[in-house]
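S.K.: Handing you this structure, nothing more for now.
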Amino acid sequence: NAGVTQTPKFQVLKTGQSMTLQCAQDMNHNSMYWYRQDPGMGLRLIYYSASEGTTDKGEVPNGYNVSRLNKREFSLRLESAAPSQTSVYFCASSEARNNYGYTFGSGTRLTVV
Amino acid sequence: AQKITQTQPGMFVQEKEAVTLDCTYDTSDPSYGLFWYKQPSSGEMIFLIYQGSYDQQNATEGRYSLNFQKARKSANLVISASQLGDSAMYFCAMREVNTGGFKTIFGAGTRLFVKA
């Protein structure tokens, strides 16, 4: 089982450029999430999608947009990248039968210069 | 407001010994779930163990156990018989069932070093 697949694994952007991080899960989970990880701050929720067709803001949504394309796919878009968005981004999915414990993707290391 | 606190930035343990990683939480929701995740140096996040707020017994998963003290709002992770492969970052996390929706919040993490 692939679980949660994130692409790309690494990306360098110039300030002002845009990009989309892709995430897909094959576990038939209803809920999907985007987090960012910064040193000393744990993981902070950017956006989440409780189920197909719904999205909601998390703790740090500014500068990001998301799309729940279908049940499998949940993408994160940076419209105009800023150095403050340099971080490691994780996509995750969960389901009630697992007490909403997360299955994570392998992460995307994004550097904005 | 929900909050997770991990007060140990770094911990050292001798191989084959047990170690406890501390986690305290704050919530007003009577129904919540507590999680521990492991992040090795390779960067992936791995689910370790789950404890529900109404569970009567402490959760165990192999060498991992969760010392759940509800009145003290603590959910410490105990790793028995430490192995070199246990060297990693460990995150405590919480989901409030009634008020938090589908969101889970994470602590800042504890880095564990296992010495040979």
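None of the figures in this text is laboratory data; all of them are computed from the coordinates on show. Quantities reported herein were computed from a predicted structural model and do not represent experimental measurements. Quick reminder, even Gly has a Cβ in these numbers, built from the backbone with ideal geometry, and neighbours come from all protein chains shown.
S.K.: Yes or no: A:R44 within 12 Å of chain B (Cβ to nearest Cβ), closer than 27 Å to B:F35 by Cα, charged (D, E, K, R) and touching a residue at least 12 places away in the same chain (Cβ under 8 Å)?
M.R.: It is true that A:R44 is within 12 Å of chain B (Cβ to nearest Cβ), closer than 27 Å to B:F35 by Cα, charged (D, E, K, R) and touching a residue at least 12 places away in the same chain (Cβ under 8 Å).
S.K.: Another one. Working only within the stretch B:69-98, note down all residues that are touching an Asp or Glu at 6+ places or on another chain (Cβ under 8 Å) and within 14 Å of chain A (Cβ to nearest Cβ).
M.R.: Answer for the stretch B:69-98, where residues must be touching an Asp or Glu at 6+ places or on another chain (Cβ under 8 Å) and within 14 Å of chain A (Cβ to nearest Cβ): B:E96, B:V97, B:N98.
S.K.: Could you please let me know if A:T15 is in contact with a helix residue (DSSP H, G or I) (Cβ under 8 Å, 6 or more places away or on another chain) and either of a type outside the set (F, W, Y) or loosely packed, with under 14 Cβ neighbours inside 10 Å (or both)? Working first, answer last.
M.R.: Values: in contact with a helix residue (DSSP H, G or I) (Cβ under 8 Å, 6 or more places away or on another chain): yes; either of a type outside the set (F, W, Y) or loosely packed, with under 14 Cβ neighbours inside 10 Å (or both): yes.
Yes; evaluated as a whole, the condition is true for this residue.
S.K.: I would also like to ask the following. Against the definition (among the charged types (D, E, K, R) and surrounded by fewer than 14 Cβ atoms within 10 Å (Cβ to Cβ)), how does A:K71 come out, yes or no? Lay out the reasoning, then the answer.
M.R.: Working: among the charged types (D, E, K, R): yes; surrounded by fewer than 14 Cβ atoms within 10 Å (Cβ to Cβ): no.
Answer is no for this residue.
S.K.: For B:K103, all conditions in the list (1) over 16 Å from the mean Cα position of the chain (by Cα); (2) surrounded by 19 or more Cβ atoms within 10 Å (Cβ to Cβ); (3) away from chain A (no Cβ under 14 Å) hold save one; what is the number of the exception?
M.R.: In the conditions (1) over 16 Å from the mean Cα position of the chain (by Cα); (2) surrounded by 19 or more Cβ atoms within 10 Å (Cβ to Cβ); (3) away from chain A (no Cβ under 14 Å), B:K103 misses (3) alone.
S.K.: Within the stretch A:64-113, how many residues are of a type in the set (G, A, S), within 18 Å of A:D38 (Cα to Cα), within 14 Å of chain B (Cβ to nearest Cβ) and out of contact with any Phe, Trp or Tyr (no Cβ under 8 Å at 6 or more places or on another chain)?
M.R.: Counting residues in the stretch A:64-113 that are of a type in the set (G, A, S), within 18 Å of A:D38 (Cα to Cα), within 14 Å of chain B (Cβ to nearest Cβ) and out of contact with any Phe, Trp or Tyr (no Cβ under 8 Å at 6 or more places or on another chain) gives 2.
S.K.: Take the stretch B:39-63 and flag every residue that is closer than 16 Å to A:V88 by Cα and either more than 11 Å from chain A (Cβ to nearest Cβ) or of a type outside the set (S, T, N, Q) (or both).
M.R.: Of the stretch B:39-63, the ones closer than 16 Å to A:V88 by Cα are B:39-46.
The answer is B:P40, B:S41, B:G43, B:E44, B:M45, B:I46.
S.K.: Moving on. Out of everything in the stretch B:24-59 that is farther than 15 Å from B:G107 by Cα and of a type in the set (G, A, S), what residue ends up being surrounded by the most Cβ atoms within 10 Å (Cβ to Cβ)?
M.R.: B:A59
S.K.: Return the only residue of A:P39, A:P8 being without any contact (Cβ under 8 Å) to a residue 12 or more places away in the chain and over 16 Å from B:A93 (Cβ atoms).
M.R.: Step by step, each of A:P39, A:P8 is checked, and only A:P39 is without any contact (Cβ under 8 Å) to a residue 12 or more places away in the chain and over 16 Å from B:A93 (Cβ atoms).
S.K.: Considering the stretch B:79-100 alone, what residues qualify as being under 22 Å from B:K3 (Cα atoms) and either surrounded by 16 or more Cβ atoms within 10 Å (Cβ to Cβ) or touching a Lys or Arg at 6+ places or on another chain (Cβ under 9 Å) (or both)?
M.R.: Within the stretch B:79-100, B:M89, B:Y90, B:F91, B:C92, B:A93, B:M94, B:R95, B:E96, B:V97, B:G100 qualify.
S.K.: How about the stretch B:61-94: which of its residues are among the charged types (D, E, K, R) and in contact (Cβ under 8 Å) with a residue 24 or more places away in the chain?
M.R.: Within the stretch B:61-94, B:R72, B:K73, B:D86 meet the criteria.
S.K.: Let me ask something else about it. Could you grab me the full set of residues in the stretch B:26-67 that are of a type in the set (S, T, Y) and in a strand (DSSP E or B)? I'd like the intermediate steps shown before the answer.
M.R.: Keep residues of the stretch B:26-67 that are of a type in the set (S, T, Y), which gives B:27-28, B:31-32, B:37, B:41-42, B:50, B:53-54, B:60, B:64-65.
Answer for the stretch B:26-67, where residues must be of a type in the set (S, T, Y) and in a strand (DSSP E or B): B:Y32, B:Y37, B:Y50, B:T60, B:Y64, B:S65.
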